[in-house]
Amino acid sequence: MAASREAWFAAQPDLDPERLIFIDETGLSTRMARLRGRCARGQRLRSGIPHGHWLTTTFVAGFRLSGVSASMVLDGPMTRDWFLAYVEQVLLARP
């Protein structure tokens with residue numbers, strides 16, 4: 001393992017930064033709600049939150065030296081199948 005790590009590190013100067021792509025993912029859920037809050041002493045804090053039909057939205061994109069590319073929005077969480085589809089159909093489809 002140490003030899004592999006050293007070989008990888010030694011090859012770093014040969015990497016072309018134009019070819020590197022970093023994948024980032026973020027998500028949003030309507031289930032996110034504050035569990036705590038502030039109000040006047042002696043008052044009960046009341047705040048509305050979505051109830052029942054919670055949704056999750058996921059945003060994934062590739063970051064290159066030239067900027068953001070290959071972005072995709074999913075209605076739901078990222079799964080193995082979604083990730084493979086993103087790589088094959090979106091990320092690799094870009095020049």
Q.
Please count how many residues of segment 58-95 are among the aliphatic types (A, V, I, L, M), surrounded by 14 or more Cβ atoms within 10 Å (Cβ to Cβ) and closer than 24 Å to Pro17 by Cβ.
A. 7
Q) Being surrounded by 12 or more Cβ atoms within 10 Å (Cβ to Cβ) and at positive phi, is that true of even one residue in segment 48-57? A) no
Q: Please work out if Arg19 is within 27 Å of Trp82 (Cβ to Cβ), exposed (fewer than 10 other Cβ atoms within 10 Å of the Cβ) and either of a type outside the set (S, T, N, Q) or out of contact with any Cys (no Cβ under 9 Å at 6 or more places or on another chain) (or both).
A: yes
Q | Qualifying residues in segment 3-42 (those that are farther than 26 Å from Leu74 by Cβ and among the polar types (S, T, N, Q)) - the one modelled with the highest pLDDT | A | Ser4
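The values are calculated or read from the model by the stated rules, or taken from the named source; none is laboratory data. This one's a predicted model, so the numbers in the text were calculated from it and none came from an experiment. Don't worry about glycine lacking a Cβ; one is built from the backbone with ideal geometry, like all the others, and counts go over all protein chains shown.
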